[in-house]
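Here's the structure, in structure tokens; my notes come after.
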Amino acid sequence: MKKLLIVLTLGVFAVAATARAATSDLEQSVRRGEYVARASNCIACHTYHKGPYAGGVPFGIVNSPNITPDKETGIGRFDFAAFDKAVRQGISPRGPMSVMMPPSYAIMTDEDVHDLYNFFMHGVQPIDNKVSQPDKPVSEAAPREVRPFAPAPGENPVVARGRYLVEGLGHCGFCHTPRNAQGVEKAQWASQGKDFLSGGGNYAGWIAINLRGDNQDGLAGRSVGDLTEFFLTGRNDPTAAFGKMIEVVETSTRYLTRDDAVAMARFLKSLPAKDPSQAPFREDKTVARQLWKGDDSKPGAAAYVDSCASCHRTDGSGYARFFPELRGNPVLLSGDPVSLIHIVLQGQTLPGFKAAPSSITMPPFGWRLDDQQLADVVTFIRGSWGNHAPAVSAEDVRKVREDKSLFPDPRVFGNSSVDKLLNTQP
């Protein structure tokens, strides 16, 4: 009898240990899945008014679905096969999904998809939120072939990890790669040519810049360290995030491990220039000397001294990790000036994060600069200190200022008079 009790006791302990191990394995998988969700920035497209991952973000006639584990309105009834098909192939139980579901997820590894599934099923709070959708499934995307990522033969493992994060989870090409007439990215992967990450279109008044090694409008002047700090904090010595990239840092890249941020930077720095003929940026101190001597006769110079120089300095050097450098800044050297016009009109704030707690604010100047004045100062910035970018016209500024999709309420520009600001009607 004593032997039997010993055997039964040992059996109970073994079952309990197995259960604890299974629980521990699931918990680890959920934690890994949460990291994959952050690296993939799922929360950005699937969070609106009702809570995290509850969906409802409008994309034209399509709204992002509820991906919480709610059994009636979310994905609580999805088995792994249905979840995998939705994530990697872009096919939900209703049929093909919108092109807004990044096709790059097709290269996610089996382990990452399993961990992501466990996170959504066991690590996300169910939210009852029925999201309206068109009567018929909407899709402009070609069928997606699942091709789990694997490093290329002889590829540096750090660069390979960065490539997986950039090409796959981070889906950077979704915004930073040009698209063809059908709205499809001209290159899905780095192996498909130099269009990949060579600069995308206009997204809500912000241009997705060239992330390749071009000397003028690319990342030739940025180091691995610069890019790493940018991913983790939204800033580095020469620049700071603005536009839609603030949201990407806020909801995704600041959660990366430093090793992964370095890997992404290493991969981006491995990309050759799309246009190798671009000459390296060379600083020209002529304008800085003129402003130092009090010569602000150049169009836009006086407005720059009055409104910009206190933060960006008369030589365009800015202040490290706080106010961006304007000389040689690839954002300013882009052919399309809409990002620069946009931020001068409206201003913006980069919030502080744990790794960089101070916020950075660019005030709006739309209230104090008319279209011609703003065009002059933007042209001045794009053509000083060694910058050589095309001039901007008052008409260019007017089009941005009057774009109701960007600025439905003129109060966004601010006003020198509090009474006028409060009384201005949308």
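The values are calculated or read from the model by the stated rules, or taken from the named source; none is laboratory data. None of these values were measured; they are calculated from a predicted model. We place every Cβ from the backbone using ideal geometry, glycine too, and count neighbours over all the protein chains shown. For accessibility, only protein heavy atoms count, side chains too; no ligands or nucleic acids. Shrake-Rupley method; radii C 1.70, N 1.55, O 1.52, S 1.80 Å.
Points worth noting:
- Extension reserve of the Ala44-Ala81 stretch, reckoned as 0.36 nm per residue once the Cα distance is removed: 10.9 nm
- Heavy-atom accessible area with a 1.4 Å probe sorts Ser384, Ser223, Ser98, largest first, into Ser223, Ser98, Ser384.
- Accessible-area value, Tyr255, 1.4 Å probe, nucleic acids and ligands omitted, Å²: 90 Å²
- Measuring spread by the Cα atoms of segment 26-123 yields a radius of gyration and Dmax of 12.4, 38 Å.
- Its convex hull of Cα atoms gives segment 126-219 a direction-averaged projected area, equal to a quarter of the hull surface, of 9.9 nm².
- Rounded to the nearest 500, the 222 nm mean residue ellipticity of the chain from helices alone is -10500 deg cm²/dmol, with -39,500 (n - 2.57) taken per DSSP H run of at least 4 residues.
- Residue list for segment 280-303, given a label point 7 angstrom along the Cα-to-Cβ vector of Ala309 and an amide N cut-off under 18 Å: 284-303
- Between the amide H of Arg179 and those of Lys186, distances stay under 5 Å, these residues lying 5 or more places away or on another chain, with hydrogens modeled in the peptide plane.
- Residues of segment 148-186 falling in the label zone of Gln278, defined by backbone nitrogen less than 19 Å from a point 7 Å along Cα to beta-carbon, are 172-179, 186.
- Assuming charge only on the beta carbon of Lys and Arg (+1) and of Asp and Glu (-1), the dipole of the chain about its Cα centre is about 760 debye to the nearest 20.
- In whole angstrom, segment 157-270 maps to an equivalent ellipsoid with semi-axes of 20, 16, 14, each derived as √(5λ) from the alpha carbon gyration tensor and ordered largest first.
- Between Gln192 and Ser132, residue separation times 0.36 nm minus the direct Cα-Cα distance comes to 17.9 nm.
- Column: log10 I(q)/I(0), Debye, Cα scatterers of the chain, q = 0.09 Å⁻¹: -0.65
- Per residue solvent-accessible surface (Å²) - segment 174-279, probe of 1.4 Å: 40 Å²
- Residue pairs exceeding 29 angstrom between C-alpha atoms, taken from Lys244/Lys293; Lys244/Lys269; Lys85/Lys274; Lys194/Lys298; Lys186/Lys244; Lys269/Lys354: Lys244/Lys293; Lys85/Lys274; Lys194/Lys298.
- Once the Cα-Cα distance is subtracted from the 0.36 nm per residue extended length, the Arg398 to Glu155 segment shows a gain of 82.6 nm.
- Exposed-site-free run, longest, the chain (rule: GluC sites (Glu not before Pro); DSSP loop; at most 16 other C-beta within 10 Å): 156-282
- In degrees, nearest ten, helix 371-382 long axis to first principal axis of the chain (Cα): 80 degrees
- Carbon and sulfur %, accessible surface of segment 92-201 computed with the full protein complex present, 1.4 Å: 54 percent
- For the pair Thr349 and Arg368, label points projected 7 Å from Cα toward Cβ lie 1.9 nm apart.
- Angle in degrees between helix 224-233 and the longest Cα principal axis of the chain, rounded to the nearest 10: 70 degrees
- Exposure ranking of Trp385, Trp292 by accessible area [1.4 Å probe, largest first]: Trp292, Trp385
- Across segment 285-420, the convex hull enclosing all Cα atoms gives 126 Å³ per residue.
- Degrees separating the helix 258-269 axis from the principal Cα axis of the chain, which is the longest one: 50 degrees
- By the rule of a C-alpha distance below 18 Å, with chain neighbours fewer than 8 residues away ignored, the aspartates and glutamates paired with Lys71 are Asp79, Asp84, Asp128.
- Leu232 - accessible surface, heavy atoms, 1.4 Å probe, Å² rounded to 10: 20 Å²
- For Ile207, the residues whose modelled amide H falls within less than 5 Å of its own, excluding neighbours fewer than 5 places apart on the same chain, are Ser339.
- Aspartates and glutamates whose Cα lies under 14 Å from that of Lys399, excluding same-chain neighbours fewer than 8 positions away: Asp336, Asp370, Asp371
- Cut-off under 5 Å, modelled amide H: who pairs with Phe59 long-range: Ser64
- Area of Asp259 that stays accessible when all protein chains are in place (1.4 Å probe, Å², to 10): 120 Å²
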